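Working notes for the structure below.
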Amino acid sequence: MRIRSVARLGVDVRVGIGESITVAATASAQITGSGGVRAIAPAHTVDWLAQLPVDALHGIGPRHSALLRKYGIHYVGALAALPPYTLQRLLGASAGGLVADRARGIDLRPVVPRALPASATVRHRFDRHVLDGAEVRAALLELVVRLGHLLRWRGQAARALTLTLFFAGDGRWDKTRRLAEASGHEDDLRLLA
């Protein structure tokens, strides 16, 4: 999957593999750098989760992790050792029950493939201030090529193209134009861009 993503889109991905959505999402978040794979065997799930800080567990936000740390619960292992009713008193009935299960690697949500997103985004960030129009046009053309590849890989076509520029000092400029016909070809996107 990583090789296909890099070859087709020029983007590396982080892949977490585990016996539940929570374990897989937590594993992928533990990967440093722009890409990699981390697989957690079912037999090692509880031990692997136990050594993580509470804020590393997928589904625990900053507010809940701060509250748990306030009560001296710094690691997922300590979280998993608490009775579910204690977590329900601390975090509320619904959130406490979910956190208690997830700390033990339990997540009953089924993995269901989702439909493709309705929009596609490609980005380019300049490392420095750029005033050279040729350099900006070259970056725009590179984005159009990447967008065309992404659309064709997904089997989609664009109906409109939005260009958003962010400037130093928090300035922003947006422009949207519609295509005469939906397309995923670079020439059509380039002319519109």
In whole Å, largest first, the alpha carbons of segment 40-126 cover along the principal axes 44, 32, 25
Here the averaged projected area of the chain, based on the convex hull of its alpha-carbon atoms and given in nm², is 14.6
Both in Å, the radius of gyration and Dmax of the C-alpha trace of segment 153-193 are 12.6, 38
With all protein chains in place and a 1.4 Å probe, residue 60 shows an accessible area in Å² (nearest 10) of 20
With the 1.4 Å probe rolled over protein heavy atoms, the chain has an accessible area per residue in Å² of 67
quick note, the chain, DSSP beta bridge pairs, % antiparallel (nearest 5) is 70
Percent relative contact order for the chain, counting Cα pairs under 8 Å at least six residues apart, stands at 15
P(r) over all Cα-Cα pairs of segment 1-44, 5 Å bins from 0 to the longest distance, whole percent per bin, short to long, reads 6, 26, 25, 20, 15, 6, 2
Longest the chain segment clear of trypsin sites (Lys or Arg not before Pro) sitting in DSSP loops (not H, G, I, E or B) with at most 16 other Cβ atoms within 10 Å runs 1-113
Cβ-Cβ cut-off under 13 Å around residue 142, Lys and Arg +1, Asp and Glu -1: the net charge is +3
Of all stretches in the chain that avoid chymotrypsin sites (Phe, Trp or Tyr not before Pro) placed in a DSSP loop and having at most 16 other Cβ atoms within 10 Å, the longest is 1-70
For the chain, the percent of accessible surface on carbon and sulfur atoms (probe 1.4 angstrom, ligands and nucleic acids excluded) is 55
Only helices counted: for the chain, with every DSSP H run of 4 or more residues adding -39500 (n - 2.57) and the sum spread over all residues, [θ] at 222 nm is -13000 deg cm²/dmol
Using the Cα gyration tensor of segment 101-193, the equivalent ellipsoid's semi-axes, largest first and to the nearest Å, work out to 32, 21, 12
Rg/Rh over Cα atoms for segment 95-137, Kirkwood Rh, comes to 1.39
If each K or R counts +1 and each D or E counts -1, the residues other than residue 54 whose Cβ falls under 14 Å of its Cβ total +4
Taking Lys and Arg as +1 and Asp and Glu as -1, residues besides residue 94 with C-beta under 13 Å from its C-beta add up to +1
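The values are calculated or read from the model by the stated rules, or taken from the named source; none is laboratory data. Everything quoted here is computed from the prediction, not taken from an experiment. Neighbour counts run over all protein chains shown; Cβ positions are idealised from the backbone, glycine included. In case anyone asks, the SASA skips ligands and DNA or RNA and just uses the protein heavy atoms, side chains included. Shrake-Rupley method; radii C 1.70, N 1.55, O 1.52, S 1.80 Å.
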